[in-house]
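The values are calculated or read from the model by the stated rules, or taken from the named source; none is laboratory data. All values derive from a computational prediction rather than experimental measurement. Positions of Cβ are backbone-derived with ideal geometry, glycine not excepted, and every protein chain shown enters the neighbour counts. For accessibility, only protein heavy atoms count, side chains too; no ligands or nucleic acids. Shrake-Rupley method; radii C 1.70, N 1.55, O 1.52, S 1.80 Å.
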Amino acid sequence: MSNETDYERVIPRLVATTPRGGVYLGVGPEQNFTYIAALQPRVAFIVDTCRQGMLQHLMYKALFEISNSRVAFVSRLLSRPVPADLGRSVGVDSLFRAFAAVPASA
């Protein structure tokens, strides 16, 4: 949903200057998840006036809640079964390459 392509550029400075375990307050689209993952706050609030953004956040929240691993999350997000030889500790690049080879579920 975002048209921003440069938002990750600030992450190194944010991580260096922001203590972990605080509160994150964000507005707007999905870059918040990237910032939250990098900053690791104790609690996060995302304010968005766009209904589609709210629905997207709720979908991600639900997928995070019902998935017990990164592999399970990607499986549900992409509607693809987990590849048979994929372990729980696989790296991100290998994870998405493995799922790209699996056809989507109807």
| request: Kindly check whether there is at least one residue in segment 73-80 that is surrounded by 12 or more Cβ atoms within 10 Å (Cβ to Cβ), free of Cβ contacts under 8 Å to residues at least 24 places away in the same chain and in a loop (DSSP other than H, G, I, E, B). | output: no
| request: Using the structure shown, decide if VAL92 is loosely packed, with under 10 Cβ neighbours inside 10 Å, of a type in the set (Val, Ile, Thr) and within 16 Å of PHE33 (Cβ to Cβ). | output: yes
| message | Can you say whether ALA62 is of a type outside the set (Ser, Thr, Tyr), out of contact with any strand residue (DSSP E or B) (no Cβ under 9 Å at 6 or more places or on another chain) and within 16 Å of ARG13 (Cα to Cα), as far as the supplied structure shows? | response | no
| Any residue in segment 27-36 that is more than 27 Å from SER79 (Cα to Cα) and at pLDDT below 90? | yes
| message | I'm trying to understand the selection: among the residues of segment 21-72, which are basic (Lys, Arg) and open to solvent by less than 70 Å² (accessible area, probe 1.4 Å)? | response | none
